[in-house]
Amino acid sequence: MQGKTKEERVHNVFEKIYPKYDTMNSIISFQRHKAWRKDIMKRMSVEQGSRALDVCCGTGDWSVALARVVGIEGSVTGLDFSKNMLSVAEKKKEELNLDQLELIHGNAMELPFEDNSFDYVTIGFGLRNVPDYMTVLKEMHRVVKPGGKVVCLETSQPTLIGFRQAYYLYFRFIMPVLGRLFAKSYKEYSWLQESAKDFPGKKELKQMFLDAGFSSVDVQSYTGGVAAMHMGFKN
């Protein structure tokens with residue numbers, strides 16, 4: 001499943017599951033995704049007044065977290081290709097009065113920004129869903145400023161024996177059933193586990209960051225390796 005076929009399929013998935021996406025995220029990760037992001041925000045040391053981009057922002061949780069830290073003197077742009085997911089993010093923005101947050105409809109494969117535009121670029125659980133990982137990594141490298149950081153939080157391949165097998169069983173059999181129970185979307189959630197299963201492991205993704213032009217990459221594993229942060233630095 002390559003190129004446009006994957007893009008169309010992913011788009012259809014998110015256009016359908018958007019009302020229950022936040023609930024399902026919490027159920028699937030046992031609420032851990034919030035703790036992972038909190039730890040990453042500490043590691044990023046985001047400064048007030050800085051400019052950030054959240055790629056594949058979905059329902060906007062990471063965009064909101066960034067907007068709160070950069071404050072009214074900073075700016076955050078959240079970009080996603082699902083208008084339905086963005087509609088959920090827009091509601092959060094309005095409820096929290098975050099004027100420094102702008103949400104735009106766009107494609108991660110072709111970011112509509114000039115080179116060296118942002119201090120921080122993030123992507124959370126979005127890289128596995130793009131048609132070409134390297135294209136998106138290069139695009140994020142292009143738009144981040146020299147001295148800036150590009151941070152990816154994504155599902156990973158657990159390395160602990162036993163844990164790895166349990167993870168695959170969970171993703172393959174249990175997650176789609178939870179999708180059917182809570183979001184009435186068995187087919188969509190069974191596709192999401194497929195995209196997680198095929199995603200590169202930590203070492204492979206680190207090498208991809210380096211190949212995309214980053215000078216160095218910090219890697220942090222979470223919860224036995226089911227998720228990982230990659231933080232790329234641009235000289």
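Things worth noting here:
- Looking only at the range 76-94, and only at residues there that are in contact with an Asp or Glu (Cβ under 9 Å, 6 or more places away or on another chain) and hydroxyl-bearing (Ser, Thr, Tyr), the one that is surrounded by the most Cβ atoms within 10 Å (Cβ to Cβ): 77
- Residue within the range 203-211 that is open to solvent by less than 50 Å² (accessible area, probe 1.4 Å) and either within 23 Å of residue 21 (Cα to Cα) or modelled with pLDDT under 75 (or both) present: no
- Hits in the range 114-137 (condition: surrounded by fewer than 17 Cβ atoms within 10 Å (Cβ to Cβ) and either of a type outside the set (S, T, N, Q) or assigned to a loop (DSSP other than H, G, I, E, B) (or both)): 114, 115, 116, 117, 132, 134
- Selected residue [among the basic types (Lys, Arg) and either touching an Asp or Glu at 6+ places or on another chain (Cβ under 7 Å) or closer than 14 Å to residue 51 by Cα (or both)] from 145, 138: 145
- Qualifying residue in the range 95-105 (condition: under 26 Å from residue 19 (Cα atoms), out of contact with any Gly (no Cβ under 8 Å at 6 or more places or on another chain), open to solvent by 10 Å² or more (accessible area, probe 1.4 Å) and part of a helix (DSSP H, G or I)): yes
- First in the range 218-235 and closer than 21 Å to residue 46 by Cα and hydrophobic (A, V, I, L, M, F, W, C), second anywhere and outside any strand (DSSP E or B) and at pLDDT below 90, Cβ under 8 Å, 6 or more apart: 228/156
- Condition check for residue 192: surrounded by 22 or more Cβ atoms within 10 Å (Cβ to Cβ), at pLDDT 95 or above and not β-branched (Val, Ile, Thr): no
- Within the range 204-235, considering residues that are small (Gly, Ala, Ser) and part of a strand (DSSP E or B), the one farthest from the chain's Cα centre (by Cα): 216
Matching residues to (1) modelled with pLDDT of 95 or more; (2) touching a Cys at 6+ places or on another chain (Cβ under 6 Å); (3) open to solvent by less than 40 Å² (accessible area, probe 1.4 Å); (4) of a type outside the set (D, E, K, R):
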residue	(1), (2), (3), (4)
31	no, no, no, yes
34	no, no, no, no
45	yes, no, no, yes
67	yes, no, yes, yes
70	yes, no, yes, yes
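- Condition check for residue 160 on (1) at pLDDT below 95; (2) in a loop (DSSP other than H, G, I, E, B); (3) open to solvent by less than 30 Å² (accessible area, probe 1.4 Å); (4) within 24 Å of residue 34 (Cα to Cα): one failure, at (3).
The values are calculated or read from the model by the stated rules, or taken from the named source; none is laboratory data. In this text, all values refer to a predicted model and were calculated from it rather than measured experimentally. Because the Cβ atoms are built from the backbone with ideal geometry, glycine has one as well, and the counts that use them run over all protein chains shown. Ligands, DNA and RNA are stripped out before the accessible areas are found, and what is left, the full protein with its side chains, is counted by its heavy atoms. Shrake-Rupley method; radii C 1.70, N 1.55, O 1.52, S 1.80 Å.
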